[in-house]
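What follows is a single structure, written as structure tokens, with notes after it.
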Amino acid sequence: MAEKFDVIIIGTGQSGPSLAARTTKEGMKTAIIERKLFGGTCVNVGCIPTKTLVASARAAYMARRGADFGVVIDGSIVVDMKTVKARKDAVVRQSNEGVTNWLKTMENLTVYEGHGRLESSTSVRVNGGLLETDKIILNVGARANVPDMPGVGDVDYLTNSSVMEVDFLPEHLVIIGGSYIGLEFAQMYRRFGSRVSVVEMGGRLIGRDDEDVSAAVKEILENEGVEVRLNAECIGFEKRGDQVAVTASCDPGPEEIVGSHVLLAVGRKPNTDDLGLDKAGVETDPRGFIMVDDQLCTNVPGIWAIGDVNGRGAFTHTSYNDFEILAANMFDDDPRRVTDRITTYGLFIDPPLGRVGMTEREVRESGRKALIGKMMMARVGRARERSETQGFMKILVDAETKRILGAAVLGIGGDEVIHSVLDVMYADAPYTVIQRAMHIHPTVTELIPTMLGDLKPLE
Ligand SMILES: Cc1cc2nc3c(=O)[nH]c(=O)nc-3n(C[C@H](O)[C@H](O)[C@H](O)COP(=O)(O)OP(=O)(O)OC[C@H]3O[C@@H](n4cnc5c(N)ncnc54)[C@H](O)[C@@H]3O)c2cc1C
């Protein structure tokens, strides 16, 4: 006999647990299913562990730079990778246990630990049992993509999940992929003491951002000794004893990078291949992402997809925002939509990049009349005081409406500073509001009004 629920949630990523808290609070008998670790990618193998490791890497970097600040370290600086990992594990454990306990003690919620699979548009099988409902929410996320590159099956490689188990220093880490995930690991391992090579197929790093941002990020990494190989159009792998040879060039007599370890950081694949979507008739796009409308409904009434799996975002904040949109539509008579949100994200190298809205390239392509302001971090007092002057900030404004179109802050505090721009964009206020605001001295944010006071037409 099938057990009946008012709602079934598959996956406990960044939106499923919060949604369960809401549906149970609304009195709905709710089931939630998790096949692996409660809290999903961000908590266990994504944002939280990487940022914890980034913090260790920064401590190593600052220790080496101690003398620049007059701090003399009398002895060598050694990174103990076992302690680095143990610290990361402790932070992750706390978050994972928080979500686990939250779900397991939630009233009106039944937690299933197993793989959930749709049997029809109203039923889900888990651990041999059948659950029935007229509302199914899919929060199944994504996993590391392992591309079909020549030789990839013949060599050992790390992904963002397996690299979390590393408690030693790789001698030479070759990272395939020069985007957000790959670059965070690149700088981190370089700071731990590994030789690091980044192999990127495209002509520049973080290809979706503007060229000046990509170039500055490359320079920051190269200044620390990360080796960057762009335009690697023919990536392949070959075992060489206990090392791995990575080919990059398509030309005969291929140029090789021989490393001790390889990390694949080449995108994410939605967890939809074993979800029974065909039995429910749920449509996906050619890459396997579940197609949803602006309010996260799939093509099948009564089934919604939230988080990375719908391809409308690839971040913790977009997944959580999906929960807010769905809850507002379901319970609050508030028709929030995905298209209400403004694109924003961070790249957590050091110094970090905070991004919001349109890139300069997108503004140019839109053909509208725009103004641009740019300021090098070397001009920012706060950055000079801290001897961390790499990077710049820039902002784009619609010349007619005076609304901010987009901004990038690459420099110390960039991931935080960007929010002062983001909030004005959400308020739909003209840029002159920030320009006239009095900010705290000495901060990076205080230079945003100055930058806005010196806008030039975008040629
Ligand atoms: C290395 C790395 C660093 C990152 N850093 C950041 C960052 O700094 N900031 C940021 O915003 N984002 C970051 N991200 C992205 C962020 O982790 C994801 O966007 C976010 O976790 C997506 O959450 P989600 O809710 O879609 O699902 P997920 O967190 O992916 O969770 C999905 C859950 O569903 C479970 N599941 C899947 N299929 C089934 C099934 N059939 N039955 C039962 N359970 C199932 C999975 O086991 C998983 O627990 C990072 C990602 C990585 C890999």
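The values are calculated or read from the model by the stated rules, or taken from the named source; none is laboratory data. The structure presented is a predicted model; accordingly, all values stated were derived computationally and were not measured. No Cβ is skipped: glycine too gets one built from the backbone with ideal geometry, and neighbour counts run over all protein chains shown.
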Residue count for region 122-148, restricted to those that are surrounded by fewer than 17 Cβ atoms within 10 Å (Cβ to Cβ), on the phi < 0 side of the Ramachandran plot and in a loop (DSSP other than H, G, I, E, B):
5
Could you please find all residues in region 44-69 being of a type in the set (A, V, I, L, M, F, W, C) and more than 7 Å from the ligand (Cβ to nearest atom)?
Ile48, Leu53, Val54, Ala55, Ala57, Ala59, Ala60, Met62, Ala63, Ala67, Phe69
Based on this model, can you work out whether Ala407 counts as under 27 Å from the mean Cα position of the chain (by Cα), assigned to a strand (DSSP E or B), among the small types (Gly, Ala, Ser) and buried (at least 20 other Cβ atoms within 10 Å of the Cβ)?
yes
If you scan region 17-38, which residues turn out to be buried (at least 20 other Cβ atoms within 10 Å of the Cβ) and either of a type in the set (Phe, Trp, Tyr) or within 7 Å of the ligand (Cβ to nearest atom) (or both)?
Ile33, Glu34, Phe38
Taking Phe168 and the conditions (1) within 16 Å of the ligand (Cβ to nearest atom); (2) surrounded by fewer than 17 Cβ atoms within 10 Å (Cβ to Cβ); (3) in a loop (DSSP other than H, G, I, E, B); (4) not acidic (Asp, Glu), which numbered condition does it fall short on, given that it satisfies the others?
(1)
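Of all residues being under 14 Å from Leu19 (Cβ atoms) and not hydrophobic (A, V, I, L, M, F, W, C) in region 311-335, which is farthest from the ligand (Cβ to nearest atom)? Just the residue, please. Please lay out each step first, then the result.
Step one: list which residues in region 311-335 are under 14 Å from Leu19 (Cβ atoms), which gives 319-332.
Still in the list and also not hydrophobic (A, V, I, L, M, F, W, C): 319-322, 324, 329, 332.
Working: Ser319: 4, Tyr320: 8, Asn321: 11, Asp322: 8, Glu324: 13, Asn329: 18, Asp332: 21 Å.
Within region 311-335, the match that is farthest from the ligand (Cβ to nearest atom) is Asp332.
Among the residues of region 193-207, how many are assigned to a loop (DSSP other than H, G, I, E, B) and under 19 Å from Leu264 (Cα atoms)?
First pass over region 193-207, keeping only residues assigned to a loop (DSSP other than H, G, I, E, B): 193-194, 200-207.
Filter once more, keeping what is under 19 Å from Leu264 (Cα atoms): 194, 200-207.
Number satisfying all stated conditions: 9.
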Please enumerate the residues belonging to region 300-354 that are over 30 Å from Thr389 (Cβ atoms) and of a type in the set (Asp, Glu).
Asp308, Asp322, Glu324, Asp332, Asp333, Asp334, Asp340
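Does region 82-121 hold any residues that are under 16 Å from Asp167 (Cα atoms) and either among the charged types (D, E, K, R) or surrounded by fewer than 18 Cβ atoms within 10 Å (Cβ to Cβ) (or both), and which are they? Explain how you work it out, then say what you get.
Residues of region 82-121 under 16 Å from Asp167 (Cα atoms): 82-92.
Once the filter is applied, which keeps residues that are under 16 Å from Asp167 (Cα atoms) and either among the charged types (D, E, K, R) or surrounded by fewer than 18 Cβ atoms within 10 Å (Cβ to Cβ) (or both), region 82-121 yields Lys82, Thr83, Lys85, Ala86, Arg87, Lys88, Asp89, Ala90, Val91.
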With the condition kept exactly as written, say whether any residue in region 344-361 is at pLDDT 95 or above, in a helix (DSSP H, G or I), of a type outside the set (Phe, Trp, Tyr) and under 21 Å from the mean Cα position of the chain (by Cα).
no
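For the subset of region 297-310 comprising residues that are more than 12 Å from the ligand (Cβ to nearest atom) and not hydroxyl-bearing (Ser, Thr, Tyr), which member is surrounded by the most Cβ atoms within 10 Å (Cβ to Cβ)? Break it down stepwise before answering.
Within region 297-310, the first condition is being more than 12 Å from the ligand (Cβ to nearest atom), and the residues that meet it are 297-304.
If we keep only those that are not hydroxyl-bearing (Ser, Thr, Tyr) as well, we get 297, 299-304.
Numbers: Cys297: 16, Asn299: 14, Val300: 17, Pro301: 10, Gly302: 15, Ile303: 24, Trp304: 27.
Step by step, filter region 297-310, then rank; the result is Trp304.
In this structure, does Ile136 turn out to be free of Cβ contacts under 8 Å to residues at least 24 places away in the same chain and of a type outside the set (S, T, N, Q)? Reasoning before the result, please.
Working: free of Cβ contacts under 8 Å to residues at least 24 places away in the same chain: no; of a type outside the set (S, T, N, Q): yes.
For Ile136, the condition - free of Cβ contacts under 8 Å to residues at least 24 places away in the same chain and of a type outside the set (S, T, N, Q) - is not met.
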For region 258-288, what are the residues that are surrounded by fewer than 19 Cβ atoms within 10 Å (Cβ to Cβ) and either of a type in the set (A, V, I, L, M) or more than 21 Å from Met164 (Cα to Cα) (or both)?
Val258, Asp273, Asp274, Gly276, Asp278, Lys279, Gly281, Glu283, Asp285, Pro286, Arg287, Gly288
When only residues in region 70-81 that are under 26 Å from Glu385 (Cα atoms) and surrounded by 10 or more Cβ atoms within 10 Å (Cβ to Cβ) count, which is nearest to the chain's Cα centre (by Cα)?
Ile77
Is it fair to say Val163 is under 23 Å from Ala314 (Cα atoms), modelled with pLDDT of 95 or more and part of a loop (DSSP other than H, G, I, E, B)?
no
